[in-house]
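The values are calculated or read from the model by the stated rules, or taken from the named source; none is laboratory data. If you're wondering where the values come from, they're calculated on a predicted model, not measured in any experiment. We place every Cβ from the backbone using ideal geometry, glycine too, and count neighbours over all the protein chains shown. The accessibility values were calculated without ligands, DNA or RNA, using every heavy atom of the protein model including side chains. Shrake-Rupley method; radii C 1.70, N 1.55, O 1.52, S 1.80 Å.
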Amino acid sequence: MTSNIRPLAVVTGASSGIGYELARQCVAHGYDLVIAADEPSVHDAAETLRGEGATVDVLQADLSTVAGVDQLYGRLAGRRVEALLANAGHGLGGAFLDQDFDEVRHVIDTNITGTIRLLQKVGRDMRANGSGRILITGSIAGYIPGTFQAVYNGTKAFVDSFSFALRAELKDSGVTVTCLMPGATETNFFARADMLDTAVGQADKDDPADVAKTGFDAMLRGDGDIVSGWKNTLQTALASVTPSGLLAEQHRKMAEPGSGSKSQG
Ligand SMILES: NC(=O)c1ccc[n+]([C@@H]2O[C@H](COP(=O)([O-])OP(=O)(O)OC[C@H]3O[C@@H](n4cnc5c(N)ncnc54)[C@H](OP(=O)(O)O)[C@@H]3O)[C@@H](O)[C@H]2O)c1
């Protein structure tokens, strides 16, 4: 007799962009959801996702904090999590020496500290269950020194590397770990990072729905990593054989404040 209990997926950063599209993929594949983000718009996303047929538990919390992550874990209340999509993250454009250090910390604590705290908590349960799928949203930025986005690219270098190591540690445990590495994608990311006056902020970008589908399918296959789109795959391959100094100069052209042609007046 088939159980009609829908598997449970947890998606962080599901209020917009790639995370929202990942949550939609989960619903389309029969998952119920626990979603989290730090702005009230996460409740609107939950409503829309419920409209697509899932039971959605929603939490508005700052996942850069231990309290926020523990609140999300507490919301799981011992339910069996079949898929964890650790996607919440944000950037911060500009010269590092000119940045506010609280904002720098918030990028590190969201993209790294909060993300791995949740991965450790839910990952332990999945290992004990002997099954589970983890998708971590890294970035091709992790392969490139991020001139004028130095801290952000550094956090994604951590996330990309960490995901491969966790995957290897969980080999034969029944738990798979997949790292999704998007390139520039059309989301709120560049506005939030205050990078709309940059060349990359103004360039054509990938569709978050396509990026999410690429990542979700790779998670279902149990792949180790996936770079979304052939252009990004080529860029990542080139980055791995290009001197870092040259990569840093190339990144300056993309991310330097004012490098965009269109004025933001
Ligand atoms: N867009 C790109 O070009 C690109 C490329 C490579 C990788 N990525 C990665 O993709 C992921 C999703 O970003 P996106 O492009 O889809 O941008 P987005 O539309 O701005 O989505 C970011 C999501 O993360 C949430 N979030 C950020 N900081 C949070 C915090 N401290 N606590 C709780 N939620 C938080 C946001 O919630 P609120 O809106 O409520 O703040 C939002 O739901 C990020 O990890 C990003 O680094 C993006």
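Filter region 86-124 down to residues that are under 13 Å from the mean Cα position of the chain (by Cα) and near the ligand (Cβ under 10 Å from one of its atoms), then give me how many there are. Looking only at that region, the number is 11.
Could you tell me whether any residue of region 92-100 is crowded, with 17+ Cβ neighbours inside 10 Å and not hydrophobic (A, V, I, L, M, F, W, C)?
yes
Out of curiosity, is residue 172 on the phi > 0 side of the Ramachandran plot, under 19 Å from the mean Cα position of the chain (by Cα) and open to solvent by 70 Å² or more (accessible area, probe 1.4 Å)? Taking the combined requirement at face value, the residue does not satisfy it.
Looking across 185, 155, one residue alone is under 29 Å from residue 124 (Cβ atoms), open to solvent by less than 30 Å² (accessible area, probe 1.4 Å) and within 13 Å of the chain's Cα centre (by Cα). It is 155.
Listed here are the residues, each with its yes/no results for (1) acidic (Asp, Glu); (2) in contact (Cβ under 8 Å) with a residue 24 or more places away in the chain; (3) within 16 Å of the ligand (Cβ to nearest atom); (4) within 26 Å of residue 105 (Cβ to Cβ).
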| position | (1), (2), (3), (4) |
| --- | --- |
| 126 | no, yes, no, no |
| 129 | no, yes, no, no |
| 153 | no, yes, yes, yes |
| 169 | yes, no, no, no |
| 184 | no, no, yes, yes |
| 202 | no, yes, yes, no |
